[in-house]
Amino acid sequence: MAPRKSATASSRKPTAKPAKKDFVDGLIAEFDRDTELKAYREMLLIRRFEEKAGQLYGMGFIGGFCHLYIGQEAVVVGMQMALKEGDQVITGYRDHGHMLATGMSARGVMAELTGRKGGYSKGKGGSMHMFSKEKNFYGGHGIVGAQVSLGTGLAFANRYRGNDSISVAYFGDGASNQGQVYESFNMAELWKLPVIYVIENNRYAMGTSVSRASAQTNFSQRGASFNIPGLQVDGMDVRAVRAAGEQAAEFCRAGKGPVIIEMMTYRYRGHSMSDPAKYRSKDEVQKMRSEHDPIEQVRLRLLEKGWATEDELKAIDKDVRDIVADSADFAQADPEPDVSELYTDILL
């Protein structure tokens, strides 16, 4: 019997290429005065909230792990601008900014950080585990990369129900190397699920730089073998984030499957509150702060275009600081959950 012939390149079924033609790289959304002010206020709220959380952690009011979002505010604020009512958000443990951007109250988030009964998880979840079904925020997850599979599941539910909603799964450059991420990519593309994978590349996974941990450092191409299109975006510019988010959302809602957006961003603080961040220089951090800060970019545009005065921006900052101070006062005065709460919300 003659040996079976192996398939040749010409006889194999051609593989469809990613739908890159559906996207335009480098788009910058046009913001009017109200949109700029909205972006400024929302990013400033996250910044001031995280600064206060850092203070409370140092004072012992917050225990356990605490990962601050300072420097990355433009990513979640810009993405929220691209979403519609009913769209879902899920993320990892650097999650306070995502909560505030989805409309969760500063009081509820801070109370959860301090382990009080008025927190979003009744004081039992802490920094990494809080949820709000009302705001379509599904966590807050401490296991690296676990939220990617869950976010894919949210997209499957949307597809199954036949609604117009999409899910956004945020994760970092470190989580991008986890196996479940690629299983999720495969299933999402196979079933054309409406999910946007947002990779927040802040350059360092824990304390290890991207160049030392990843063979492919262009994370927007991580879905290439699954035919998932990807965009690489300036994650420090809220306008660029919104433009990319709108393109990706339109693609998903059209039933064309998932999209990967790599947000080139930066965190000013350590990986967590216990990280002194000695693996990078102070000059590097200062350079990012002085040249690329997402909030300062918006502030300067507002001033240069005559859309706001210094006094008006100071008034916004004061209002934001008052909200944050109120949340801290509430969290410190709110009682801890009753011991009986240990036995509630348990699945058997």
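Computed from phi, the 3J(HN,Hα) profile of region 94-105 under the Karplus parametrisation 6.51, -1.76, 1.60 (θ = phi - 60°) reads 8, 10, 4, x, 5, 4, 5, 5, 7, x, 5, 6 Hz, with x in place of Gly and Pro. Full extension of the chain between Q221 and K117 yields a length gain of 33.1 nm, computed as 0.36 nm times the residue separation minus the alpha carbon distance. Extension gain for S211-K84 works out to 42.1 nm (0.36 nm per residue, less the C-alpha to C-alpha distance).
Averaging Cα coordinates gives a centre for region 70-129 and one for region 295-335; these two points are 18 Å apart. Close amide H contacts of Q232 (hydrogens built in the peptide plane, cut-off under 5 Å, sequence separation of 5 or more or a different chain): E262.
Seen against the Cα atoms of the chain and their longest principal axis, helix 310-333 is set at about 80 degrees.
From the residues P337, Y160, G118, which one has its Cα farthest along the dipole of the chain in the positive direction, the dipole being from +1 and -1 charges on Cβ of Lys/Arg and Asp/Glu about the Cα centre? About the Cα centre, the residue reaching furthest to the positive side is Y160. Ranking M263, V76, A106 by Cα position along the charge dipole of the chain, where only Lys, Arg, Asp and Glu carry charges on their C-beta atoms, puts M263 farthest toward the positive end.
Sorting the segments 178-187, 65-74 by their residues' average number of neighbouring beta-carbon atoms within 10 angstrom, most packed first, yields 65-74, 178-187.
Can you compute the FRET efficiency between R253 and E183 using 1/(1 + (r/R0)^6), with r the Cβ-Cβ distance and R0 = 25 Å? Round to the nearest 0.05. Efficiency, rounded to the nearest 0.05: 0.55. Take every Cα pair under 8 Å whose residues are at least 6 apart in sequence, average their separation, divide by the length of region 53-149, and the relative contact order is 28 percent. Legend: calculated FRET efficiency, N163 to D283, from the Cβ-Cβ distance at R0 = 56 Å, rounded to 0.05, equals 0.70. Only Lys, Arg, Asp and Glu carry charge here, each on its Cβ (+1 for the first two, -1 for the last two); on that basis the chain has a dipole of about 1580 debye about its Cα centre. Orientation-averaged projection of the chain equals 22.5 nm² [convex hull of Cα atoms, one quarter of hull surface area].
The listed peptides 147-156, 323-332, ordered by packing as a protection proxy, come out as 147-156, 323-332 (highest mean of other Cβ atoms within 10 Å first). Descending by average beta-carbon neighbour count within 10 Å, the peptides 262-269, 22-29 line up as 262-269, 22-29, the highest first.
Across region 253-266, coupling constants 3J(HN,Hα) worked out from phi with the 6.51/-1.76/1.60 Karplus curve, θ = phi - 60°, read 5, 7, x, 8, x, x, 9, 10, 10, 8, 8, 7, 10, 7 Hz, and Gly and Pro carry x.
Across the options F61, G139, M187, the greatest Cα extent toward the positive end of the charge dipole of region 24-328 (unit charges at beta carbon of Lys, Arg, Asp, Glu) belongs to F61. Backbone phi angles across region 72-88, fed through the Karplus curve with coefficients 6.51, -1.76 and 1.60 (θ = phi - 60°), yield HN-Hα couplings of 9, 4, 5, 5, 6, 5, x, 5, 4, 5, 8, 9, 10, 4, x, 5, 10 Hz in residue order; Gly and Pro are listed as x. Counting other Cβ atoms within 10 Å as a rough exposure proxy, the listed residues H129, H141, H96 run H129, H141, H96 from fewest neighbours to most. Our summary gives the chain a relative contact order of 24 percent, counting only alpha carbon pairs under 8 angstrom and 6 or more residues apart. Counting beta carbons within 10 Å around each of T91, T309, T217, T114 and listing the fewest first gives the order T309, T217, T114, T91. Here the sum of -39500 (n - 2.57) over DSSP H runs of 4 or more residues, divided by the residues of the chain, equals -13000 deg cm²/dmol at 222 nm, to the nearest 500.
Where a number appears in this text, it was derived from the coordinates with a stated rule and is not lab data. Computed from a prediction, not measured in an experiment: that's the story for all the values here. Every residue, glycine as well, gets a Cβ built from its backbone with ideal geometry; the counts of neighbours run over all protein chains shown.
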